[in-house]
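Working notes, structure below.
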Amino acid sequence: MSMGLPSFRAYVGLGGNLGDVPATFRDVLARLAAVPSTEVEGVSSLYRTKPVDATGPDFLNAVVAVRTSLGPLELLGVLQSIERAHNRERPYRNAPRTLDLDLLWFGGLELNRPELTVPHPRMHQRAFVLAPLAELVSKLPPDTANQGGNPVLPEASAIEAYSQTQGIERLNELKP
């Protein structure tokens, strides 16, 4: 990471239900670690999820935290490039996919643009985001590099109940 540039903690949701999803996620982590001015700070466990408003096999989900000096739109461009490298297709809304990368949170920034809204507008409705995000936030030290801190999350008991309702299952740790 370049010295002198401001940096921000961002949380990225990973999802997929086609192909070797754990291998795809490991590749995502390697690609993110190779982005200039960006470092991977942590990653959640893998979670298995029944499709929500979607079809196809069960999804695997995880969340990764990165520290970056990129802006949110630049980071979004990186994420979309990684999706394309994994043959992400968008034939229709919520189609089965090899990879879905969502910028969930970016240093406390609130942004509402046609190409990007952060915090992610449906983040608090999805246990497959909340469970791995809460796990990861609890494992990381506080973000003191900027005023954004971490996302405000529901109580752990509420996330657990939500996860049971939506059929979320924690699997193993995702190793790079």
_Cα-derived Rg to Rh of the chain, Kirkwood definition_ = 0.93
_Accessible surface of the chain, 1.4 Å probe, proportion on carbon and sulfur as whole %_ = 52
_In order through the stretch 107-120: 3J(HN,Hα) via Karplus (6.51 cos²θ - 1.76 cosθ + 1.60), integer Hz, x for Gly, Pro_ = x, x, 5, 10, 9, 9, 10, x, 8, 7, 10, 10, x, 4
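Note down the magnitude of the dipole of the chain about its Cα centre, charges +1 on Lys and Arg C-beta and -1 on Asp and Glu C-beta and zero elsewhere, to the nearest 20 debye.
That gives the chain a dipole magnitude of about 220 debye.
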*Express the accessible area of the stretch 97-176 per residue in Å², computed with a 1.4 Å probe while the remaining protein chains stay in the model.*
56
*Per residue, how much accessible area does the stretch 38-88 show when a 1.4 Å probe rolls over the protein heavy atoms, in square angstrom?*
39
*Residues with amide H under 5 Å from that of Val63, placed H, sequence gap 5 or more*: Leu14, Ser44
*asked:* Treating only the Cβ of Lys, Arg, Asp and Glu as charged (+1, +1, -1, -1), what charge dipole size does the stretch 102-176 show about its Cα centre? Round to the nearest 20 debye.
replied: 100
*asked:* Nearest 500 deg cm²/dmol is fine: what mean residue ellipticity at 222 nm does the chain get from its DSSP H runs of n ≥ 4 alone, each adding -39,500 (n - 2.57), divided by its residue count?
replied: -9000 deg cm²/dmol
*asked:* Largest first, please: the extent of the C-alpha atoms of the stretch 11-80 along each principal axis, to the nearest Å.
replied: 36, 20, 17
*Cα centroid of the stretch 110-171 to Cα centroid of the stretch 30-86, whole Å*: 14
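The values are calculated or read from the model by the stated rules, or taken from the named source; none is laboratory data. Since this is a predicted model, take the numbers as computed values, not measurements. Please note: Cβ atoms are built from the backbone with ideal geometry, for glycine as well, and neighbour counts cover all protein chains shown. Please note that ligands, DNA and RNA were not included when accessible areas were found on the heavy atoms of the full protein model with its side chains. Shrake-Rupley method; radii C 1.70, N 1.55, O 1.52, S 1.80 Å.
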